[in-house]
1. Based on Cβ point charges of +1 for Lys and Arg and -1 for Asp and Glu, what charge dipole magnitude is obtained for the stretch 3-297 about its Cα centre, in debye rounded to the nearest 20?
2. For the chain, just say rounded, prolate or oblate: build the C-alpha gyration tensor, square-root its eigenvalues into a ≥ b ≥ c, call rounded for a/c under 1.5, and beyond that prolate if a/b exceeds b/c, oblate if not.
3. Which of the aspartates and glutamates could be linked to LYS22 by a straight reach, that is with a Cα gap under 13 Å, when you skip same-chain ones fewer than 8 residues away?
4. Which net charge results when you count Lys and Arg as +1 and Asp and Glu as -1 among the other residues whose beta-carbon is under 12 Å from that of LEU6?
5. Using alpha-carbon positions, what is the distance between the centroids of the stretch 246-260 and the stretch 137-198, in Å?
6. For a protection proxy built on the mean count of beta-carbon atoms within 10 angstrom, sort 4-11, 141-148, 96-103 highest first, please.
7. Tell me the net charge near LYS164. Cut-off is 10 Å between Cβ atoms, LYS164 excluded, with +1 for each Lys or Arg and -1 for each Asp or Glu.
8. At 27 Å minimum axial length over the Cα atoms and a Kyte-Doolittle cut of 0.0, report the qualifying DSSP H helices in the chain, or say none.
Amino acid sequence: MSLTELFKTKTVFSLEVFPPKKSSPTEAILPTLKRLQSIHPDFISVTLGAGGTDHCNGTVEIANLIQNQLDIPAVSHVPGLYQSKEDVLALLDRLDNINVKNILALRGDRIPGKEPVGDFNHANELVAFVHEQRPDFSIASACYPNCHTEAPDFVNDITHLKEKVDAGADHLISQLFFDNQAFYDFKEKTELAGIHVPIEAGIMPCTNKNQIERITQISGVPIPKKFAAIMDRYQNSEEAMLDAGIAFAVDQIIDLVSQGVDGIHLYTMNKSKIAKRIWNETRSVFEAADTSIQKDHA
């Protein structure tokens, strides 16, 4: 069953991991992956640096472990801004050789002082290229509930999102957000724009103040008053901040699933214990939602 078809049968729960540091062997992530395997996620995505750093080696090797050793569908990130058409085709061939045919097609972040290759200046161009060259691949793409930081407004952002979907993206994964209402408002905008592919909500459990401030500065995602109060209250207690961050993510997920979200994509930051705690506290919610979905399709 393709990942897109999976959304018709259940509320998808997926994870994201990233390759270990250059100084560490790829296999260093295997214990983390094995712990995540016990969650039985619907798929695991693997990041790739915006500039194609290490030219995909760690990403492909980890995707291979996930797909063929752990028997979990793997999704490889493919950022296009600093890769040529030849680079992308070579990466797709490597993925095809290990039976990984799911990708997350991204423009990728700009790297100061580095000139883009020029073949894929926008994600929709990469999506269209992969869709044409490898029609048997499933292509996911990114979306931004709080609006992309480079977009002048939501109208412009949604217009470009529609271009990605029209080019061949068959499901979307959202950037992290801390205010569920922002996601619901975004979903309404996509429906009005005629975007009808599954959209997974990206959730990142933030368990220390410095991490949260760094992420929000990079992503432009606002921190709601509720979460700001949590940080102010518990920032000096590592254990309390951990528990509060997990509880906030759990609360987000329960609310989203109850509102019929297509799926949850958990940004694990390679912290398998946190991911397992969140799954254990929300699993029954997913199971109840899936029972409802199956009854609707009976």
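1. Numbers: 28 positive and 40 negative charges, 161 e Å.
Dipole magnitude for the stretch 3-297 comes out near 780 debye.
2. Values: a/c = 1.25, a/b = 1.22, b/c = 1.03.
Rounded.
3. ASP54
4. Working: positive: LYS8, LYS10; negative: GLU5, ASP42, ASP170, GLU200, ASP262, ASP290.
Residues near LEU6 contribute -4 overall.
5. Using only Cα atoms, the two centres lie 20 Å from each other.
6. On the way: 4-11: 15.6, 141-148: 22.5, 96-103: 18.0.
Final packing ranking: 141-148, 96-103, 4-11.
7. Values: positive: ARG107, LYS162; negative: GLU125, GLU163, ASP166.
Neighbour charge sum, excluding LYS164 itself: -1.
8. Values: long enough: 238-258 (30 Å, 0.91); 272-296 (34 Å, -0.82).
Long hydrophobic helices here: 238-258.
The values are calculated or read from the model by the stated rules, or taken from the named source; none is laboratory data. Given the structure is predicted, the values throughout are model-derived calculations rather than measurements. FYI the Cβ positions are ideal-geometry reconstructions off the backbone, even for glycines, and counts take in every protein chain you see. Keep in mind that these areas ignore ligands, DNA and RNA; they rest on the heavy atoms of the full protein, side chains included. Shrake-Rupley method; radii C 1.70, N 1.55, O 1.52, S 1.80 Å.
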